[in-house]
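Heads up, the thing below is written out as structure tokens.
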Amino acid sequence: MMIENGYVALLQHDVLKMKHPQNLNKIVTLYKIIAMKTFSLSVNTGKDVITHTIEKYTPGGYVESIDNLDSENVCWVDNSARIFDNAKILGGSLIKDVALIFNNARIEKSYIANQCRIHGNAVVIESACNNSVQIKDDAIVKNSILLNSAKIYGNASIDGSIFTIGATAYGDCQ
């Protein structure tokens, strides 16, 4: 039996059992995804806009549930990226390169790559995060570029900004 949402499916035989990134006592089962049709995504990487084409039957990354992925608008979780819990990857998003998205985080029309961690109730919309960026708690990031170990947490709300080389925003800042 294959669980699918129209453009991707879960491979029930290709699972990854691993410790939850936040609760090391909890073992989570993640399922590899596979593209069920060819589709393209255009994403802003922070440097330029790229079009990423996923061919039919291309294997992707790992999700805990088909519900982690937008069922109506295409998004893609690439090879080593992992999505846990109730995290939601919405249309127009590309998640790749050992990125971890978990808890109730929501990613929409964004590019997340290279060991980024987005978790808690964090929301990322139309943004690019690359190279060990961390966004957590109730932080909201919109129309921004975060690079090289930038951190956004607490109730921080960032819009139209560039954060790089360890820059941090936290608390109730805007």
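Just a few scattered comments:
- Scanning segment 1-32 for residues that are of a type in the set (Ser, Thr, Tyr) and closer than 23 Å to Gly91 by Cα turns up Tyr7, Tyr31.
- Among the residues of segment 1-37, those that are in contact with a Phe, Trp or Tyr (Cβ under 9 Å, 6 or more places away or on another chain), open to solvent by 20 Å² or more (accessible area, probe 1.4 Å) and not in a strand (DSSP E or B) comprise Pro21, Gln22, Met36, Lys37.
- When restricted to residues that are buried (at least 22 other Cβ atoms within 10 Å of the Cβ) and within 13 Å of the chain's Cα centre (by Cα), segment 129-140 contains 4.
- One residue from Gly92, Gly46, Gly61 being touching a Lys or Arg at 6+ places or on another chain (Cβ under 7 Å) and either free of Cβ contacts under 8 Å to residues at least 40 places away in the same chain or surrounded by fewer than 21 Cβ atoms within 10 Å (Cβ to Cβ) (or both): Gly61
- Residue check, Gly91 assigned to a loop (DSSP other than H, G, I, E, B), of a type outside the set (Asp, Glu), at pLDDT below 95 and under 24 Å from Ser71 (Cβ atoms): yes
- Only one of the listed residues (Gly160, Gly166, Gly171) is more than 10 Å from the chain's Cα centre (by Cα) and modelled with pLDDT of 95 or more. That residue is Gly160.
- When Gly46 is tested against the conditions (1) at pLDDT 95 or above; (2) part of a loop (DSSP other than H, G, I, E, B); (3) under 19 Å from the mean Cα position of the chain (by Cα), the lone failure is (1).
- Sole residue being open to solvent by 30 Å² or more (accessible area, probe 1.4 Å), under 30 Å from Leu11 (Cα atoms) and at pLDDT 95 or above, chosen from Asn103, Asn79, Asn155, Asn148: Asn103
- Ser110 more than 19 Å from Leu30 (Cβ to Cβ), open to solvent by less than 40 Å² (accessible area, probe 1.4 Å) and not hydrophobic (A, V, I, L, M, F, W, C): yes
- Matching residues in segment 64-76 - criterion: being within 17 Å of Asn103 (Cα to Cα) and buried (at least 19 other Cβ atoms within 10 Å of the Cβ): Glu64, Asn68, Leu69, Asp70
- Scanning segment 9-43 for residues that are farther than 25 Å from Gly120 by Cα and in contact with a Leu (Cβ under 6 Å, 6 or more places away or on another chain), we see that the one that is modelled with the lowest pLDDT is Leu41.
The values are calculated or read from the model by the stated rules, or taken from the named source; none is laboratory data. Keep in mind the model is a prediction, meaning the values are calculated, not measured. As a convention, Cβ positions derive from the backbone with ideal geometry for all residues, glycine included, and neighbour counts pool all protein chains shown. Surface accessibility is based on the protein's heavy atoms, side chains included, excluding ligands, DNA and RNA. Shrake-Rupley method; radii C 1.70, N 1.55, O 1.52, S 1.80 Å.
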